[in-house]
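The values are calculated or read from the model by the stated rules, or taken from the named source; none is laboratory data. Note that the coordinates shown come from a computational prediction; the quantities given were computed from them, not determined experimentally. Quick reminder, even Gly has a Cβ in these numbers, built from the backbone with ideal geometry, and neighbours come from all protein chains shown. Quick note on the areas: whole protein, heavy atoms, side chains included, nothing else; ligands and nucleic acids left out. Shrake-Rupley method; radii C 1.70, N 1.55, O 1.52, S 1.80 Å.
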2 protein chains.
Amino acid sequence: MSGISEGGFGPRRAVPIRRAEALRLLASVPFGRVIFTRDALPAVRPVNHFVEDSEIVVVRTRLTSRLTSAVRAEPDVVVAYEADDIDPVAQLGWSVVVTGIARPVTDPERVERYERLLRPWVEGSMDSIVAIEPTLVSGIRLVEEKAG
Amino acid sequence: MSGISEGGFGPRRAVPIRRAEALRLLASVPFGRVIFTRDALPAVRPVNHFVEDSEIVVVRTRLTSRLTSAVRAEPDVVVAYEADDIDPVAQLGWSVVVTGIARPVTDPERVERYERLLRPWVEGSMDSIVAIEPTLVSGIRLVEEKAG
């Protein structure tokens, strides 16, 4: 993978993606990156996801530091969730970011169903099931600039 | 791209990547995602990058809100920077996260050199050149679990 300085492409234009289309794109890929704050620092972790009812982003992860999570339940926190599908050589593709409250899922029936639908890639990691409600949804698509 | 529920793979193990190897992997790909805080919310944006002297991650982006950036210069901020190369079907690959202070580059010679080396994919975006000093470097590689 390269493409930064190889040039040969005209400039790209970033076209905004509407909410419904952004959530559809997010649902079309199996993983993304959850962005949160841990010990007052920005943190990011790749995880796999699925999108329920074209709206709720469901992931299995842990959003707190080990110390905190050992002594109390995972609190509601605001997170961002990003997924993209970008061809770095052609410099074409899309990126979607959802921002919203991440709520731990505790209802046993939902937990059971989500655990079945969403297998973590890495076994043995201590995680919770988290549902992200997309308050803000944004996305861009990199497209070829039309000649003026 | 799919692979969440298709199964067929054994569990993966997440093996930590050492600092030098993590920075080498980061340098081997042309883009990643800068993670920062904007208006007290977690924010993320895909950008292209290069790694200078096997250490400093250089990107062109804007880390503040429009309002702030209109009235004063970009301040030093702590950011995370993530890049990965994950095959979601095979569930193999790596992810690297660098956390550190993002400093705007103002020295005219460095600005000129970085602008030449790092062409933004999208023309016309108001950006600054930012050098991220990696205080924390972490990474994982997803590998096949050996049968016990």
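Couple of notes before you dig in:
- Both chains summed, the buried accessible area for B and A stands near 3400 Å², from protein heavy atoms and a 1.4 Å probe.
- Once all protein chains are placed together, B:Arg113 keeps about 80 Å² accessible to a 1.4 angstrom probe.
- Close amide-amide hydrogen proximity is noted between B:His49 and B:Phe31, B:Gly32, each under 5 Å apart and 5 or more residues distant or on a separate chain (H modeled in the peptide plane; Pro and chain starts excluded).
- Amide H contacts under 5 Å for B:Gly139: B:Ile17, B:Val97, restricted to partners 5 or more places along the chain or on a different chain, H placed in the peptide plane at 1.01 Å from N.
- With its label point put 7 Å out from Cα toward Cβ, B:Val89 sits 1.6 nm from the same residue's point in the other copies, in order from shortest.
- A from B by rotation - nearest chain B beta carbon to the axis, in Å: B:Ile35, 3
- Couplings for the stretch A:90-100, taken from phi via the Karplus curve 6.51 cos²θ - 1.76 cosθ + 1.60 with θ = phi - 60°, read 6, 6, 10, x, 8, 9, 10, 10, 10, 10, x Hz in order; Gly and Pro are left as x.
- Label-to-label distances for A:Asp76 across copies, nearest first, come out at 3.7 nm, using points 7 Å from Cα in the beta-carbon direction.
- Label-to-label distances for B:Ala20 across copies, nearest first, come out at 5.5 nm, using points 7 Å from Cα in the beta-carbon direction.
- For the stretch A:84-106, heavy-atom accessible area (probe 1.4 Å) falls by no less than 10 Å² from the chain alone to the full protein assembly at A:Asp84, A:Asp85, A:Ile86, A:Pro88, A:Gln91, A:Ser95, A:Val97, A:Thr99.
- Virtual spin-label span in nm between A:Val15 and B:Glu145, 7 Å along Cα→Cβ: 4.4 nm
- Complex-versus-alone comparison for the stretch A:38-65, residues with a loss of 30 Å² or more in accessible area, probe 1.4 Å: A:Leu41, A:Pro42, A:Val44, A:Pro46
- Close amide H contacts of A:Arg62 (hydrogens built in the peptide plane, cut-off under 5 Å, sequence separation of 5 or more or a different chain): A:Ser128.
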